[in-house]
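One structure below.
The values are calculated or read from the model by the stated rules, or taken from the named source; none is laboratory data. Computed from a predicted structure; not experimentally measured. Reconstructed Cβ throughout: ideal geometry from the backbone, glycine too, with neighbour counts over all protein chains shown.
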Amino acid sequence: MDFNAEKEPSWFPEAKVYHNGSHFIAIPHTKVRRKKRGKLKEEIFVVSEGDPVDKKASILPKLEEIDSDLDEELECPFQDEIEAYYEQVKQVKMDVNADMVPAKEEKPPKTTLKRVTRASEFKRLDEESKDMKVKAKKQYILRNIKRLFKNDKAAEYYVDMKLYNKWRAKHERRKRFMRKAFLNHFNYFATFTYDDAKHTEESFRKKLMVYLRRLCTRHNWRYMGVWERGGETDRLHFHALVLVPEGKMCGTLEKKTDFNFKTKRLRRTTQHSYFNEKFGRTDFEPIVENIMAYYSAIEYILKYVEKSGEKIVYSRKLPMYLISDISAEDVLCRVGVEGKKLVLWDKFGCWDEGEYLGAMSEDTKKRMRSATS
């Protein structure tokens, strides 16, 4: 969308600026206030695990009327005494005449009741159908959850809304990750693994986060990554983009040659002495000088996140936006829905409450205010 400087405001104060991989984009500040929506109160239903999926569930009128342990509440409080009495009568009859004792009728199996909400049932069904294709997944969830609704249309609307919200959340996670990655210029792609002689899986997960947080606090490191399990060995490791300030390495990088069991070839790797000593093995691949390696590292982490649904781990105060006043002279054009975003020149001027901080650069970034979301 074209940008006409004569018809536009001369300044856009307090704009949020991020990098999309090729250009700086500014989001002008708006004073529109939106009320925070309250959390929807879920209805509680009582269902039986043995009921067919087309049987309507009964709604629970009052939560206070039923104890938290529903199964014990439905049992007779004198069940033990009754069973002991019948056992005694049976023994007496067997002593008088064993041949005349009638066979005891088997009791029907107990019906297991449970309390559920629509959200909890959707979450369970979504997990069960995670390997299905989109259409089959929707039909499976709809077929098993419609008994919690008055009619099929209401059930279909609910499932469509929940599936859209799930897709939207995944899209927002991807957007947040990419904006943080392109704005902060990480210089290493690291893979952390552990040695069985030094750690268990639980201690490795806990201790690694402790050491990374200490490096962030004491030496201004920054990182963001995801936990992953190996395809063949199912071994836990951690992939991360790491930003190490100049002179803050806290260890040495060593070139080593080892055998790659996946490719069946020797490979040259860069390993970190500090993390190797503490955990087992760490690969530190420099990526800041190779833009294609940088994109590949970002896509690798995002691909795994979208496939497995793992959460991304961020270091504290990792900025996603820079706050700056934007002059109309530094705007190239408008983009986005209804042209609400501004594409900026690479060396646009950065201002903070009337003070000129300089043209956009790594040094100028350090002087600017930032926002994490």
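Among the numbered conditions (1) free of Cβ contacts under 8 Å to residues at least 60 places away in the same chain; (2) surrounded by fewer than 18 Cβ atoms within 10 Å (Cβ to Cβ); (3) touching a Ser or Thr at 6+ places or on another chain (Cβ under 9 Å), the only one that His237 does not meet is (2). The residue that is surrounded by the most Cβ atoms within 10 Å (Cβ to Cβ), among those in segment 5-27 that are more than 13 Å from Lys340 (Cβ to Cβ) and among the aliphatic types (A, V, I, L, M), is Val17.
Take Tyr188 and decide whether it is within 23 Å of Tyr300 (Cβ to Cβ), more than 20 Å from the chain's Cα centre (by Cα) and aromatic (Phe, Trp, Tyr). Here the answer is yes, as Tyr188 does meet what is asked. In segment 254-373, counting only helices (runs of 4 or more DSSP H) that sit wholly within it, the ones holding 3 or more residues that are not assigned by TED's automatic domain parsing to the domain that holds Thr233 span 291-308, 362-367. The residues on offer are Lys207, Lys166, and the sole one that is modelled with pLDDT of 90 or more and surrounded by 15 or more Cβ atoms within 10 Å (Cβ to Cβ) is Lys207. Looking only at segment 326-358, filter to residues that are farther than 12 Å from Val17 by Cα and in contact with a Cys (Cβ under 7 Å, 6 or more places away or on another chain); which one of those is surrounded by the fewest Cβ atoms within 10 Å (Cβ to Cβ)? Of everything passing the filter in segment 326-358, Gly358 is surrounded by the fewest Cβ atoms within 10 Å (Cβ to Cβ). The numbered conditions (1) surrounded by 12 or more Cβ atoms within 10 Å (Cβ to Cβ); (2) within 17 Å of Asp195 (Cβ to Cβ); (3) modelled with pLDDT under 90 are all true for Ala293 except (2).
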